[in-house]
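Take a look at the structure below.
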Amino acid sequence: MGRSRRTIPEELLLLALDPATGTTAQPQSLDLGLAGAQLVELALAGRIAPDGDRIAVVMPRPTGDPTLDTALELLRRRGSPVRAVHWIGGPRLGLRQTYLTHLERCGMVHAVAGQMCGVLPTTRYQATDTAISREIRARLDTAIRTGVPPDPRTAALAALAHAVGLGKHLYPGNEGRSSRSRLRDLIRHDPMGGLVAHAVLDVQNGVAAQPRRAPAVAGGGPGRRTAGVRGAVAPAETVPHRTGGVMARAGVS
């Protein structure tokens, strides 16, 4: 995979990076979103494909991107398709930091060392070329404003941005309410992005840890199925950010 195109995980992280503070919005759920963005990027590269609510490796050949290839190899080692919600909800310690370091190595951000309360060391990140972030944001704005179905990459990015709760960061306040709603609606324009975004929301709602319910039986009783879980998922703006085992790396916010 050449470097002429930025990957969806890179773009999601750049969207989340606050240019004023050098910190990332929604740091805990962002790790989940980055894990999901890797799946979408690998699917676009023809390495994996959805199999119902599972992800199957269809071509194990490396992409040339080290961060993506690590994920691809882990998926390959599973030996059988894995549920997207279980993959995204698995341990993802330091994935955000991994991508921040990756962006720094690629020259897209630079690290600024500092201290919190004059004692604790911190690291903030500033984009080296704000035009890149503006271009990414402009694609989302255009899709929201025009209502024209976006390309799969932009649709997937929008779906993931909504799923991790970036809507309030990108379109804050009451004046941004309609834009946040349209951002959420873009989820329907890319099947893989939609699958992954719903999995991210499910993990935040604790659905990944819940056992499968028994099929519905006539007349009710213990086996009676409750309302569909997917329908019960709240929009990202109202989802409490449960990390599903993800811990934010100290010093990065």
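When residue 16 is tested against (1) out of contact with any strand residue (DSSP E or B) (no Cβ under 6 Å at 6 or more places or on another chain); (2) surrounded by 22 or more Cβ atoms within 10 Å (Cβ to Cβ), only condition (1) is not met.
Whenever a residue of segment 108-121 is over 30 Å from residue 5 (Cβ atoms), its partners that are polar (S, T, N, Q) and at pLDDT 75 or above, lying with C-beta atoms within less than 6 angstrom and at least six residues away or across chains, give the pairs 113/123; 114/122; 116/122. Which of the residues that make up segment 56-67 are surrounded by 17 or more Cβ atoms within 10 Å (Cβ to Cβ) and out of contact with any Leu (no Cβ under 6 Å at 6 or more places or on another chain)? Matches in segment 56-67: 63, 65, 67. Anything in segment 52-81 that is of a type in the set (Asp, Glu) and within 24 Å of residue 96 (Cα to Cα)? List them, or say none. Scanning segment 52-81 gives 65, 69, 73. Within segment 36-50, the residues that satisfy the criterion of being buried (at least 24 other Cβ atoms within 10 Å of the Cβ), among the aliphatic types (A, V, I, L, M) and touching a residue at least 60 places away in the same chain (Cβ under 8 Å) are 37, 39, 40.
Within segment 20-35, restricting attention to residues that are assigned to a loop (DSSP other than H, G, I, E, B) and among the aliphatic types (A, V, I, L, M), the residue that is least open to solvent (accessible area, probe 1.4 Å) is 25.
The values are calculated or read from the model by the stated rules, or taken from the named source; none is laboratory data. Here the structure is a predicted model, which means the values were calculated and not measured. When we count neighbours, we look across all protein chains shown, and the Cβ atoms used for this are built from the backbone with ideal geometry, even at glycine. For accessibility, only protein heavy atoms count, side chains too; no ligands or nucleic acids. Shrake-Rupley method; radii C 1.70, N 1.55, O 1.52, S 1.80 Å.
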